[in-house]
Amino acid sequence: MTQQDSVRRFPTVGDGSGVTSGPQFYREELALSFRNRGMPTEGLRYDVTPTGMHYLLIHWDIPDVDMSAWKLNIGGLVGQPTSLTLEDIKALPSRTELVTMECAGNGRALFSPRLVSQPWLLEAIGTSEWTGTPLKGVLEAAGLQSEAVEILFTGCDQGVQGEEVQFYQRSLTVEEATRDEVMLVYEMNGRPLEPQHGYPLRLIVPGWYGMTSVKWLGSIEAVGEPFNGFQMASYRYRQTADDPGDPVDIIRVRALMVPPGIPDFLTRTRLLSAGPVTLTGRAWVARAGVSRVEISTDGGSSWFNAQLGPQPSQFAWHGWTADWDATTGRHTLMVRATDTNGNRQPVGPEWNIQGMGNNMAQTVDVIVEAGAVS
């Protein structure tokens, strides 16, 4: 039996289509959600997300990297192929950037029908201080040749996806890869990368969805034609199986709210006291600015503007606040953002097969009671 034959014997999920409708979740989705984690939305209160609260997605296993043998190999269409130890990389010019990162599948579980995969709701988000060296300088030192079209990044993590045994690989055009902010990173929030976040070295591409920031880097290769591996082909906005779709790339505009009051354990419906309430949260977008954050307290029938705070970094989220005089009864709170190019979050999901880029407005159900909630 060949390796490919053995792969094709893996069981299918659900009815075999890999797609489900309705509110039910498959056992495989629960298993994925236990391996991965989202940032609790109350974590939006922090300017910098604590490392243990930052969202996490691990496609396969966390690789067991042997640091006595590990080197970053740089090759392909370069004049001076090289291998760098972690100490070599740390000796290069360093840069620290505050970057908001979001998974492309954030909001997938809110689609119906949806792809059976990591069932993110809204929590696949986090903002950290990343320290490393600009990739541009590393490529220049290796003598990047003019024939190079893309830069291919290969992680040390390996597994099976799409009936294919593979290492995790993504590519960027030379133009994107040589942007000043793209970095080879070895620290997160002032500490060495933790194993689950890509130790010893990972790529950080500010503004792009998280699938682009390859973890556990093993090699970088300059290639003369576009790379069309599985992890490139699977991240596309498709409406049908035959639709080539557009590639998933930079982060769409989004705002999220710290849920006010206290939660019901099971439904997460919020309970709070009547009277003045200050709503807070964060808003972000790639390569534009957030121009406006709006709040609704009646399920989207009417909206009013929040106060948008400063952006601490070009690649990080804004804080926002809004004052609400909460009256007794049930309310559906909503928040949406608009960027400086006029793109505004939709109230409902804009569906695609892969469940990518769902930046629909957040809703938070609350019950307001007279007197103190205790």
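The values are calculated or read from the model by the stated rules, or taken from the named source; none is laboratory data. A quick note: this is a predicted structure, and the numbers were derived from the prediction, not measured. Heads up, the Cβs are rebuilt from the backbone with ideal geometry, glycines too, and the neighbour counts pull from every protein chain shown.
Among S128, S146, S219, which is among the polar types (S, T, N, Q), free of Cβ contacts under 8 Å to residues at least 12 places away in the same chain and either outside any loop (DSSP other than H, G, I, E, B) or not assigned by TED's automatic domain parsing to the domain that holds R287 (or both)? Break it down stepwise before answering.
Numbers: S128 fails: free of Cβ contacts under 8 Å to residues at least 12 places away in the same chain; S219 fails: free of Cβ contacts under 8 Å to residues at least 12 places away in the same chain.
Of the residues listed, the single one that is among the polar types (S, T, N, Q), free of Cβ contacts under 8 Å to residues at least 12 places away in the same chain and either outside any loop (DSSP other than H, G, I, E, B) or not assigned by TED's automatic domain parsing to the domain that holds R287 (or both) is S146.
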So, first residue in the same structural domain as I62 (by TED's automatic domain parsing) in the range 169-193, second residue among the hydroxyl-bearing types (S, T, Y) and in a helix (DSSP H, G or I), Cβ within less than 9 Å, six or more apart or across chains; the pairs are R170/T212; L172/T212; E176/T212; M188/T51; N189/T51; R191/T51
The correct count of residues that are surrounded by fewer than 16 Cβ atoms within 10 Å (Cβ to Cβ), of a type in the set (S, T, Y) and farther than 24 Å from V364 by Cβ in the range 37-81 is 1
Checked the range 88-132 for anything among the acidic types (D, E) and under 30 Å from P312 (Cα atoms); matches are E97, E102, E123, E129
Taking the range 337-353 and the residues there that are within 18 Å of R238 (Cα to Cα) and hydrophobic (A, V, I, L, M, F, W, C), the one that is surrounded by the fewest Cβ atoms within 10 Å (Cβ to Cβ) would be W351
Within the range 327-363, the residues that are over 21 Å from P259 (Cα atoms) and in contact (Cβ under 8 Å) with a residue 60 or more places away in the chain are D339, N343, R344, W351, N352, I353, Q354, G355, M356, G357
Filter the range 320-374 for residues that are in a strand (DSSP E or B), farther than 14 Å from V277 by Cβ and among the polar types (S, T, N, Q); the one that is nearest to the chain's Cα centre (by Cα) is Q362
All-but-one check, T51 against (1) touching a residue at least 60 places away in the same chain (Cβ under 8 Å); (2) closer than 20 Å to D157 by Cα, failing number (2)
